[in-house]
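Notes follow the structure.
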Amino acid sequence: MSDEAGGEDSLAAVFRRLIANYGPISLQQYMGESNARYYSGKDPLGGAGDFVTAPEISQMFGELIGLWLTDIWMRAGSPETVHYVELGPGRGTLARDALRVMRKQGLSPEVHLVEGSEALRAEQRKTVPDARWHDDMDSLPTDAPLLLVGNEFLDALPVRQMVRTAAGWRERMVGLEGHRFVPVAGDRPMDAAVPQVWLEAPEQTLIETCPGAAAVVDEIARRLQGQGGAALLIDYGYAEKRTGSTLQAIRAHKKVDPFALPGEADLTCLVDFATMAEVAVAGGARHLGTVTQGAFLRALGIETRAAQLCAVAPQQSSAINSDKDRLIDEGQMGQLFKVMGLAAHGWPGGAGF
Ligand code: SAH
């Protein structure tokens, strides 16, 4: 469906009117409103959708996360009241698989799902019927430790980009060239918003920050400090700081132009895990480490779990093993995806870091 098919009310039409009347909008606004529209209306996951995530590839993903949470909870003395919190749970598949493993081990937390999309909440009601839903983290309970998970959540939050021009640093905005959206440099000086190390970078240097991701990680860290608990944040991203735009759009499993169809493709950016770790520590949490998804899942025993599943269903062995490889191979999700572990001070370290 093109934006024209969406008519006057399509997000593209709204953005065009806005830009024509008031000038370029920030990339942050463009990405934020595009994703809010994109996720509100549909379930984008799976073969028939736009992209496939780790929990949708194999039950082993959620199970191993459930094991990790159970292990750290036990070593923290098995506190009786504890809350499982998931940010952006998609279809609820990870929660379902993780909770099954946790309950088998005697860990039965209250379940809290932070989800902005009505369409996905409807899916989650089927997979995790006993959950409570939240629009954001503010309304999460404060009375007990949190076991928190977010898979491919931070990458969907809107970024700001700054670009070094001949006249100094400017915010990267979205303007119009005829009918088309194009990135343009804003006209206000932004040098004051750029970290010292980048101030004298060469022209065209672009830096990206994600204020929304930093706010979420800060909130997680403060809650871990105040309530106890542990968190796993899993996303595709980088562990060393870098420059350059990482914005991309995915539609029907293919990369498309992020400026072509706002609200109709999934816009994501790589997560800057180095900065997220700094934010977490500043907020009062312990950074247990950030490792590749491949290393993490291997350390938690994915090979053994795959062998068990193959023994139960030998006719499915090749599918089970190829799903496992998809999660951990370097050329697939094993290297690009990272797992960041956080815990409250006073809680034990986690497995795999
Ligand atoms: N974790 C799931 C889904 C990843 S897609 C999986 O791995 O399959 C991103 C998820 O985050 C979706 O559930 C989407 O609706 C939710 N989401 C994106 N931006 C959000 C926001 N600002 N507030 C709450 N949920 C959001």
Quiz item: Out of (1) near the ligand (Cβ under 10 Å from one of its atoms); (2) surrounded by fewer than 17 Cβ atoms within 10 Å (Cβ to Cβ); (3) more than 24 Å from Ala344 (Cα to Cα); (4) of a type in the set (Asp, Glu), what's the single condition that is false for Asp130?
Solution: (1)
Quiz item: Residues in the range 29-42: is at least one crowded, with 20+ Cβ neighbours inside 10 Å, modelled with pLDDT of 95 or more and not in a helix (DSSP H, G or I)?
Solution: no
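Restricting to the range 209-233, what's the tally of residues that are out of contact with any Lys or Arg (no Cβ under 7 Å at 6 or more places or on another chain) and either in a strand (DSSP E or B) or of a type in the set (S, T, N, Q) (or both)?
Looking only at that region, the number is 7.
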Quiz item: What is the residue count in the range 296-325 for residues that are among the basic types (Lys, Arg) and in contact with a Ser or Thr (Cβ under 8 Å, 6 or more places away or on another chain)?
Solution: 1
Practice problem: Determine whether Ala144 is surrounded by fewer than 18 Cβ atoms within 10 Å (Cβ to Cβ) and more than 16 Å from the ligand (Cβ to nearest atom). | Solution: yes
Quiz item: For the subset of the range 304-323 comprising residues that are over 18 Å from Glu56 (Cα atoms) and small (Gly, Ala, Ser), which member is surrounded by the most Cβ atoms within 10 Å (Cβ to Cβ)?
Solution: Ala307
Quiz item: Within the group Gly150, Gly228, which residue is more than 16 Å from the ligand (Cβ to nearest atom), at pLDDT 95 or above and either of a type outside the set (Val, Ile, Thr) or under 30 Å from Gly62 (Cβ atoms) (or both)?
Solution: Gly228
Practice problem: All but one of (1) surrounded by fewer than 23 Cβ atoms within 10 Å (Cβ to Cβ); (2) closer than 26 Å to Gly331 by Cα; (3) more than 16 Å from the ligand (Cβ to nearest atom) hold for Ile250, so report the exception by its number. | Solution: (3)
Quiz item: Before we move on, is Pro79 closer than 20 Å to Gly41 by Cα and in a loop (DSSP other than H, G, I, E, B)?
Solution: no
Exercise. Identify the single condition in (1) in contact with a Leu (Cβ under 8 Å, 6 or more places away or on another chain); (2) within 28 Å of Pro141 (Cα to Cα); (3) away from the ligand (no atom under 16 Å from the Cβ) that Leu233 does not satisfy, given that it satisfies every other one.
Key: (3)
Quiz prompt | Condition broken by Gly49, with the remaining ones in (1) in a loop (DSSP other than H, G, I, E, B); (2) out of contact with any Lys or Arg (no Cβ under 8 Å at 6 or more places or on another chain) satisfied | solution = (2)
Quiz prompt | So Arg286, is it touching a residue at least 60 places away in the same chain (Cβ under 8 Å), in contact with a strand residue (DSSP E or B) (Cβ under 6 Å, 6 or more places away or on another chain) and charged (D, E, K, R) | solution = yes
Quiz item: In the range 192-212, is there at least one residue being farther than 29 Å from Leu107 by Cβ, free of Cβ contacts under 8 Å to residues at least 12 places away in the same chain, of a type in the set (A, V, I, L, M) and away from the ligand (no atom under 16 Å from the Cβ)?
Solution: yes
Quiz prompt | Qualifying position, being buried (at least 21 other Cβ atoms within 10 Å of the Cβ), away from the ligand (no atom under 11 Å from the Cβ) and of a type in the set (S, T, N, Q), among Gln124, Gln161, Gln105 | solution = Gln161
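Select from the range 213-225 the residues that are within 16 Å of the ligand (Cβ to nearest atom) and surrounded by fewer than 17 Cβ atoms within 10 Å (Cβ to Cβ) and write down the one among them that is nearest to Gly237 (Cα to Cα).
We begin by selecting, within the range 213-225, every residue within 16 Å of the ligand (Cβ to nearest atom); these are 213-220.
Adding the requirement that they be surrounded by fewer than 17 Cβ atoms within 10 Å (Cβ to Cβ) leaves 215, 219.
Working: Ala215: 17, Glu219: 20 Å.
Ranking the qualifying residues of the range 213-225, first place goes to Ala215.
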Practice problem: Could you figure out which of (1) among the charged types (D, E, K, R); (2) over 25 Å from Gln248 (Cα atoms); (3) within 9 Å of the ligand (Cβ to nearest atom) isn't true of Asp136? | Solution: (2)
Quiz prompt | Yes/no for Glu110 being surrounded by fewer than 22 Cβ atoms within 10 Å (Cβ to Cβ), more than 12 Å from the ligand (Cβ to nearest atom) and under 24 Å from Ala274 (Cα atoms) | solution = no
Quiz item: Restricting attention to the range 170-187, does a residue exist that is touching a Lys or Arg at 6+ places or on another chain (Cβ under 8 Å), within 16 Å of the ligand (Cβ to nearest atom) and under 24 Å from Phe273 (Cα atoms)?
Solution: no
Practice problem: Kindly indicate whether any position in the range 72-92 is modelled with pLDDT under 95, under 30 Å from Arg172 (Cβ atoms) and under 20 Å from the mean Cα position of the chain (by Cα). | Solution: no
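The values are calculated or read from the model by the stated rules, or taken from the named source; none is laboratory data. Note that the structure is predicted; figures quoted are calculated from it, not measured. Methodologically, a virtual Cβ is constructed for each residue, glycine included, from the backbone with ideal geometry; neighbour enumeration extends over all protein chains shown.
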